[in-house]
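Beneath this line is the structure, given in structure tokens, with notes to follow.
The values are calculated or read from the model by the stated rules, or taken from the named source; none is laboratory data. None of these values were measured; they are calculated from a predicted model. Here the Cβ is made from the backbone with ideal geometry for all residues, glycine too, and neighbour counts use every protein chain on show.
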Amino acid sequence: MSDPAGQGAGPPQQAAEDRFITPEEAAELLKLDASRVRSLLREGRIPGTKPFGKWLVDRAGVERLIDEAWNTRVDEQLAKALNQ
């Protein structure tokens, strides 16, 4: 039986304006300068795309980077505390 409301057909698509942020917004999240973020985008170290000549940064990718950095710091601090 079909679902007339379209519910249950899978996860909702994330709106493009929510999925992507500007390099300046990413810089705020990452506590970096926007020019450094653009450099990291060019190097492929931050996920993003450049349609129409302007960078769009993948918000979820930036959030993963923040999580990974946080977890690494916590792991390093825990290891240091355990070795004292």
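Might you let me know whether region 56-67 holds any residue that is at pLDDT 85 or above and exposed (fewer than 10 other Cβ atoms within 10 Å of the Cβ)? Quick ask: steps written out before the conclusion?
Step one: filter region 56-67 for residues at pLDDT 85 or above, giving 56-67.
Subsequent filtering for residues that are exposed (fewer than 10 other Cβ atoms within 10 Å of the Cβ) retains none.
Among the residues of region 56-67, not one is at pLDDT 85 or above and exposed (fewer than 10 other Cβ atoms within 10 Å of the Cβ), which makes the answer no.
Just to be sure I understand, how many residues within region 27-40 are under 21 Å from TRP70 (Cβ atoms) and either part of a strand (DSSP E or B) or not β-branched (Val, Ile, Thr) (or both)?
Step one: list which residues in region 27-40 are under 21 Å from TRP70 (Cβ atoms), which gives 27-33, 36-37, 40.
From the residues that got through so far, the ones that are either part of a strand (DSSP E or B) or not β-branched (Val, Ile, Thr) (or both) too are 27-33, 36, 40.
Counting residues in region 27-40 that are under 21 Å from TRP70 (Cβ atoms) and either part of a strand (DSSP E or B) or not β-branched (Val, Ile, Thr) (or both) gives 9.
Give the residues of region 42-53 that are in contact with a helix residue (DSSP H, G or I) (Cβ under 7 Å, 6 or more places away or on another chain) and hydrophobic (A, V, I, L, M, F, W, C), sorted by residue number.
Correct list: ILE46 only.
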